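The structure appears right after this line, and notes come after that.
Computed from the coordinates by the stated procedures, all read-outs in this text should not be read as laboratory data. In this text, all values refer to a predicted model and were calculated from it rather than measured experimentally. Here the Cβ is made from the backbone with ideal geometry for all residues, glycine too, and neighbour counts use every protein chain on show.
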Amino acid sequence: MAGDTLAVSTEFLPMIPTPAVDPMFLCFLLLSKGFIDHISDEVAGAKMPRVDWGILSSRRIPLPPKPVQAQIVRDLKFKLISVDRQLELLALRREAVSDIKKSLREEVLLTHPPRNPGGLDAPAWHGEVPKGWHLDRIGHLFKQVAIFGGEGLPVLSVSIHRGISDKELVDGEQDRKVARSENRGKYKRVRPDDIVYNQMRAWQGGFGVSRVDGLVSPAYVVSRPRRKVEPRFIEHMLRTSSGVEEMRRRSRGIIDFRLRLYWDEFKDIRIPLPPLAEQIRLSDELDRRLKAIDLQDEAIVEMAKLVTEQRRALIHEAVTGLSNAAPSSRSPKIARHPAAA
């Protein structure tokens with residue numbers, strides 16, 4: 001794309017390779033385990049970890065001649081073909097599993113005899129309200145809460161596929177370092193039955209019901225039941241295809257990856273609700289039927305982790321396995337910032 005002018009979010013840090021480095025070699029270098037571990041140590045413990053230009057510009061590496069770099073890139077691209085294909089297939093399988101889960105939820109929750117066809121109580125996102133059910137706003141059922149801190153409580157993650165975790169955040173070594181080193185008084189406290197959502201990823205499925213006492217990122221929204229309701233039912237309803245689309249429609253932002261779902265919009269979502277006993281029965285049925293599907297999802301995730309580690313090992317060996325020497329203070333810098341051009 002030579003000659004093209006591209007724009008990226010301010011969250012990205014553009015880098016211009018110096019004449020001493022092949023651009024693709026630089027790309028692979030930034031993905032290598034050794035480089036990532038070094039950078040992770042630099043930012044560990046920060047409230048909002050950021051890799052700024054000061055950190056990157058000071059990093060020096062043993063660098064082979066440019067023709068050797070080009071050969072490494074060619075060899076590495078060839079080795080990664082089959083690995084990347086495995087990751088693509090695993091991602092497709094996970095998407096298929098996610099679609100099955102959505103379809104199951106729709107089968108159980110949205111295929112009931114309707115009432116008042118075409119009536120005013122038939123919001124478009126979920127269709128007509130089943131007989132014996134009623135509509136209610138999330139804001140009538142839940143209230144937003146922001147209670148901070150809790151020594152000894154685990155820091156929980158919110159996954160777009162599995163909802164909120166019930167154990168300590170373990171998504172990567174860097175996450176563990178941050179979770180354990182930060183002041184946990186800055187995290188929001190959650191209790192069982194709270195619905196928690198990631199403002200930027202709610203429309204992708206980044207929300208769930210907490211089943212344990214714990215802590216979540218201060219950037220998340222925590223809502224707590226204000227009346228008798230089954231929170232699992234609300235989550236299952238919102239995880240249908242139409243429920244996720246409703247959250248996307250209510251999210252605000254210029255482009256998809258900048259969308260945010262604010263509480264004022266989330267609380268206005270209207271949920272079709274059966275009597276409480278039926279909410280619990282349907283939630284139990286879905287939990288039981290989804291359990292086997294979740295086991296498949298877990299197996300795919302574990303396989304993807306193994307393949308990803310294999311990929312990282314290949315890259316690490318290729319770009320840093322040339323020499324066991326430590327980076328020299330006289331090694332050439334690998335890139336410059338566009339502002340310095």
Would you mind checking which residues have amide H under 5 Å from residue 159's amide H? H placed 1.01 Å from N; only 5 or more apart, or other chain. 164, 165
Could you grab the relative contact order for region 179-270? Cα pairs under 8 Å, six or more apart, rounded to a whole percent. 29
What list of ³J(HN,Hα) values in whole Hz, one per residue of region 15-28 in order, does the Karplus curve 6.51 cos²θ - 1.76 cosθ + 1.60 (θ = phi - 60°) give from phi, with Gly and Pro shown as x? 9, 9, x, 6, x, 7, 10, 6, x, 6, 5, 4, 4, 5
Of 146-159, 212-225, ordering from highest average Cβ density within 10 Å down gives 212-225, 146-159
